[in-house]
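**Student:** Pasting in a structure now, in structure tokens, and then I'll have a few things to ask.
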Amino acid sequence: MDSRQQHINNLRNKSFQVAIVGAGINGAVSAAALAAGGVKVALIDKGDFAGVTSQESSNMVWGGIKYLQTYEIPLVWNLCGSRNHLLDAFPNRIKAISFLAAIGPTAPFGRTLGALGTILYWVLGRFKTKPPQVYSPEETSEIENLINSNGLKGAVRYDDALLIDNDARFVWDFVKNAKDHGAVTANYVSMVDAKNQNGNWKLFLKDELTNEDFEITAEIVINAGGPFGKDLTNKFHDQTVHQLALSKGIHLVVPKLTTNNRVLAFFDDKGRLFYVIPMQDRSVIGTTDTRVDNPISEVTDEDRNFVLEQANRCLNLVKPLTKDDIISERCGVRPLVVKGKKDVSKIEWTALSRKHEIEINKKTKIITIFGGKLTDCVNVGEEIVDHVRKLGISIPKLKKWYGEEDQKVFSTFESEFKQLIGISENDIEVIAPAIWRRHGNDSFEILEIMKQDPQNRVRIFPELDLTYAEALFIAQNEMVQKSDDLWRRRTAISLVRTREEIANNPLIQRINSLI
Ligand SMILES: Cc1cc2nc3c(=O)[nH]c(=O)nc-3n(C[C@H](O)[C@H](O)[C@H](O)COP(=O)(O)OP(=O)(O)OC[C@H]3O[C@@H](n4cnc5c(N)ncnc54)[C@H](O)[C@@H]3O)c2cc1C
């Protein structure tokens with residue numbers, strides 16, 4: 001079995017061409033792209049894969065319509081291109097979805113400008129999505145009665161895309177991809193210090209689970225520390241021209257607010273976009289944009305109240321949402337790039353571009369990734385390959401290095417799934433595609449677990465699409481070290497169920513006892 005311990009053994013005192021520190025989306029795609037190019041890569045993270053910002057996003061794969069307000073046309077063009085590539089490459093994991101943007105009293109523009117903006121967005125999106133549409137206030141209330149009609153000037157509908165499972169699972173897909181191409185990957189391994197010696201790097205690492213210290217060497221290092229970028233720059237004894245500003249964003253997961261499968265968008269009190277996003281049988285509301293100094297942050301009462309107030313103001317709810325309705329909370333810190341030596345404490349961070357930047361120190365061979373988005377991940381991977389080439393490592397032109405497996409195999413999987421004795425029509429419709437979506441060709445291994453015992457086919461929660469067999473497979477095969485790795489990141493169970501529901505679930509307890 002491809003266990004974490006094996007990967008630790010393959011790290012200890014070994015040499016790599018490239019060592020990547022940080023396994024959020026930026027580190028994971030870099031590892032996947034480089035490994036696909038035949039580079040000997042190590043990828044480490046001090047926590048679990050995607051355990052920091054990359055598990056706290058809005059799960060949108062989007063062209064960034066809101067950046068049209070700041071006239072960032074090239075950014076929107078590029079993000080739309082990335083969104084389109086990802087839609088083609090991950091037809092099951094990423095789905096197009098409609099966004100209905102209400103133009104209410106706090107919207108910074110009216111219906112005509114809103115309509116023009118969505119048309120421009122559609123054009124920049126190379127007409128990949130459904131054409132946008134404009135609605136009068138009456139039409140808006142007819143198609144979505146959850147939108148508060150007080151002061152409503154109408155709505156516009158445009159299409160973008162959403163990760164069907166969660167952001168952290170999407171990152172895991174790239175970690176697995178890297179692993180499958182020969183990368184050595186380990187969670188819960190931190191870089192404590194680093195030394196550049198005779199043109200080569202020595203990294204001092206610590207296994208956070210056993211406290212063992214060990215070293216690796218590498219020709220090139222990549223700082224993919226996200227909001228910890230500065231801390232890693234210090235550990236590499238490096239200096240960068242770009243800096244980071246940190247901005248906290250929170251989401252609250254609440255009971256499902258509308259049965260329509262679309263994202264609702266509003267303008268909050270501050271004129272920022274605010275969303276109601278579907279997540280399985282729940283809704284996610286948010287987000288916020290608050291300046292912070294620390295990469296580790298938490299949801300405060302002020303954040304909670306702000307998000308609940310916005311939802312209660314914008315939505316036509318039978319009963320206002322209160323703290324008692326919160327099922328789970330998400331809190332992430334965006335690493336935003338600041339160009340040059342400005343005083344970060346004095347800049348207007350909401351106006352900062354969300355574009356990523358990659359900085360190279362040619363002398364010491366450090367590559368630092370600043371900012372970025374999940375949507376932009378493939379571009380980051382490909383740019384990293386180019387930079388590593390320029391630093392002297394020969395990499396052939398990349399063939400297809402990301403994406404789902406051949407959809408034709410699903411028909412074989414589905415017909416074998418249907419052979420399971422006593423399987424229900426609903427399981428065939430819901431469970432088979434969910435397993436395929438998350439696991440591709442590995443789905444057959446989950447089927448084997450299901451064949452061993454009909455009890456393994458039972459769902460962890462009856463309303464959700466995760467079975468005991470799949471959860472067991474993940475626990476045993478996806479480098480799960482702690483229960484949160486499984487329930488919060490490889491799956492989104494702890495986002496859509498309360499702590500109490502999880503603590504009282506015997507199937508979860510049974511799997512936890514095996515971790
Ligand atoms: C509220 C919010 C909503 C967002 N919504 C979207 C969205 O809808 N769509 C979108 O495309 N983007 C979105 N983003 C942006 C996106 O989530 C981030 O840009 C992206 O996840 C950053 O990834 P990263 O790899 O740079 O950082 P991270 O995911 O934070 O990864 C950095 C990793 O480095 C590790 N690390 C740090 N120091 C060390 C060390 N010493 N040793 C080992 N490991 C170390 C950390 O443990 C961490 O896992 C959102 C962000 C936020 C906060």
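**Student:** Using modelled backbone amide H atoms (1.01 Å from N, in-plane), which distant-in-sequence or interchain residues come within less than 5 Å of Ile97's amide H?
**Tutor:** Result for Ile97 returns Asp160, Ala161, Leu162.
**Student:** Next question, about the same structure. In whole Hz and in residue order, list the ³J(HN,Hα) couplings for the stretch 107-122 that follow from phi through the Karplus curve 6.51 cos²θ - 1.76 cosθ + 1.60, θ = phi - 60°; x for Gly and Pro.
**Tutor:** 5, x, 8, x, 5, 5, 5, x, 5, 4, x, 6, 5, 4, 4, 5
**Student:** Quick check of the Kirkwood formula: for the stretch 223-308, what is the inverse mean of 1/r over all pairs of different Cα atoms, in Å?
**Tutor:** Details: mean 1/r = 0.0660 Å⁻¹.
Result for the stretch 223-308 stands at 15.2 Å.
**Student:** I've got another one for you. What does the C-alpha gyration tensor say about the overall shape of the stretch 453-515? Classify as rounded when a/c is under 1.5, otherwise prolate if a/b is larger than b/c, or oblate.
**Tutor:** Here the stretch 453-515 falls in the rounded category.
**Student:** Hey, what's the Cα Rg ratio for the stretch 101-176 versus the globular rule of thumb, 2.2 N^0.38 Å?
**Tutor:** Computed over Cα atoms of the stretch 101-176, the ratio equals 1.39.
**Student:** Name the GluC sites (Glu not before Pro) in the stretch 339-392 that are in a loop by DSSP and that have at most 10 other C-beta atoms within 10 Å, would you? Numbers along the way, then the final one.
**Tutor:** Numbers: sites: Glu348, Glu357, Glu359, Glu382, Glu383; in loops: Glu348.
For GluC sites (Glu not before Pro) across the stretch 339-392 that sit outside H, G, I, E and B with at most 10 neighbouring Cβ atoms in 10 Å, the list reads Glu348.
**Student:** Right, here's the next one. At a probe size of 1.4 Å, how large is the accessible area of Ser54, to the nearest 10 Å²?
**Tutor:** 20
**Student:** ³J(HN,Hα) across the stretch 270-280 via Karplus (A = 6.51, B = -1.76, C = 1.60, θ = phi - 60°), whole Hz, x for Gly/Pro?
**Tutor:** In residue order, the calculated couplings are 8, x, 8, 5, 9, 10, 10, 10, x, 9, 6 Hz.
**Student:** Could you look at the chain and say what percent of its accessible area is carbon and sulfur, using a 1.4 Å probe and all protein chains?
**Tutor:** Using a 1.4 Å probe with all protein chains present, the chain comes out at 50 percent carbon and sulfur.
**Student:** Moving to a separate point now. Would you mind working out the magnitude of the charge dipole of the stretch 291-359 relative to its Cα centre, with +1 at each Lys and Arg C-beta and -1 at each Asp and Glu C-beta, to the nearest 20 Debye? All intermediate terms of the calculation are to be shown ahead of the outcome.
**Tutor:** Working: 13 positive and 13 negative charges, 80 e Å.
The calculated dipole for the stretch 291-359 is roughly 380 debye.
**Student:** Please express the shape of the stretch 1-147 as an equivalent ellipsoid: the semi-axes are the square roots of 5 times the eigenvalues of the C-alpha gyration tensor, given largest first in whole angstrom. List each step's numbers first, then the result.
**Tutor:** Values: eigenvalues 352, 54, 39 Å².
Semi-axes from the Cα gyration tensor: 42, 16, 14 Å.
**Student:** For the stretch 379-515, take the convex hull of the Cα atoms, compute a quarter of its surface area, and give me that in nm², please. Could the numbers behind the result be given before it?
**Tutor:** Working: hull surface 43.1 nm².
Dividing the Cα hull surface by four gives the mean projection, 10.8 nm².
**Student:** Sticking with this structure for a sec: Is the stretch 270-421 best put as rounded, prolate or oblate by its Cα gyration tensor, with a ≥ b ≥ c the root eigenvalues, rounded for a/c under 1.5, and otherwise prolate when a/b is larger than b/c, oblate when not? Walk me through the intermediate numbers first.
**Tutor:** Numbers: a/c = 3.09, a/b = 1.11, b/c = 2.78.
It comes out oblate by the Cα gyration axes.
**Student:** DSSP loop trypsin sites (Lys or Arg not before Pro) in the stretch 231-316 with at most 12 other Cβ atoms within 10 Å of their Cβ, which ones?
**Tutor:** Lys270
**Student:** Please list, in chain and number order, the residues 5+ apart from Arg291 or on another chain whose amide H is under 5 Å from its amide H, with Hs placed from the backbone.
**Tutor:** Amide H to amide H, under 5 Å and 5 or more residues apart or across chains, Arg291 pairs with Lys248.
**Student:** Sticking with this structure for a sec: Which value at 222 nm does the chain reach when only helices count, each DSSP H run of 4 or more adding -39,500 (n - 2.57), with the total divided by all residues and rounded to the nearest 500 deg cm²/dmol?
**Tutor:** -10000 deg cm²/dmol
**Student:** Next question. Tally Lys/Arg at +1 and Asp/Glu at -1 over every other residue whose Cβ is under 14 Å from the Cβ of Ile360; what's the total? Write down the numbers at each step before the final one.
**Tutor:** Working: positive: Lys362, Lys363, Lys365, Arg389, Lys390; negative: Glu219, Asp238, Glu357, Glu359, Glu383, Asp386.
Summing Lys and Arg as +1 and Asp and Glu as -1 gives -1.
**Student:** Here's something else I'd like to know. Enter the accessible area per residue of the stretch 1-88 (Å², integer; probe 1.4 Å; all protein chains in place).
**Tutor:** Solvent-accessible surface per residue comes out at 32 Å².
**Student:** Give me the Debye-computed log₁₀ of I(q)/I(0) at q = 0.06, 0.11 Å⁻¹ for the chain, equal point scatterers on Cα only, no solvent, two decimals.
**Tutor:** One equal scatterer on each Cα of the chain leads to -0.28, -0.99.
**Student:** Sort the stretch 340-385 into rounded, prolate or oblate with this rule: let a ≥ b ≥ c be the square roots of the eigenvalues of the Cα gyration tensor; rounded if a/c is under 1.5, and if a/c is not under 1.5, prolate when a/b is larger than b/c, oblate otherwise. Walk me through the intermediate numbers first.
**Tutor:** Values: a/c = 4.19, a/b = 1.29, b/c = 3.24.
Here the stretch 340-385 falls in the oblate category.
**Student:** Counting only heavy atoms of protein chains, what accessible area per residue, in Å², does the stretch 357-515 have with a probe of 1.4 Å?
**Tutor:** 47
**Student:** Whose amide H sits under 5 Å from the amide H of Leu43, counting only residues 5 or more places off or on another chain, with H placed in the peptide plane?
**Tutor:** Correct list: Ile20, Val184, Thr185, Ala186.
**Student:** Also, I was wondering about something else. Within the chain, which is the longest segment containing none of the chymotrypsin sites (Phe, Trp or Tyr not before Pro) that sit in a DSSP loop and have at most 11 other Cβ atoms within 10 Å?
**Tutor:** Result for the longest clean stretch: 128-515.
**Student:** Whole-Hz Karplus ³J(HN,Hα) for the stretch 194-204, in order, using 6.51 cos²θ - 1.76 cosθ + 1.60 and θ = phi - 60°, x for Gly and Pro?
**Tutor:** Computed from phi, the couplings for the stretch 194-204 are 8, 9, 9, 10, 6, x, 10, 9, 10, 10, 9 Hz.
**Student:** Compute the separation of the alpha-carbon centres of the stretch 262-285 and the stretch 133-210 and state it in Å as a whole number.
**Tutor:** What the calculation gives is 17 Å, centre to centre.
**Student:** Whole number in Å², please: accessible area per residue of the stretch 256-326, 1.4 Å probe, ligands, DNA and RNA not counted.
**Tutor:** Ligands and nucleic acids excluded, the result is 48 Å² per residue.
The values are calculated or read from the model by the stated rules, or taken from the named source; none is laboratory data. Remember, predicted model here, so these are calculated numbers, not experimental data. So basically every Cβ, Gly included, is an ideal-geometry build from the backbone, and we count neighbours across all protein chains shown. Note: accessible area is taken over every heavy atom of the protein model, side chains too, but ligands, DNA and RNA are not part of it. Shrake-Rupley method; radii C 1.70, N 1.55, O 1.52, S 1.80 Å.
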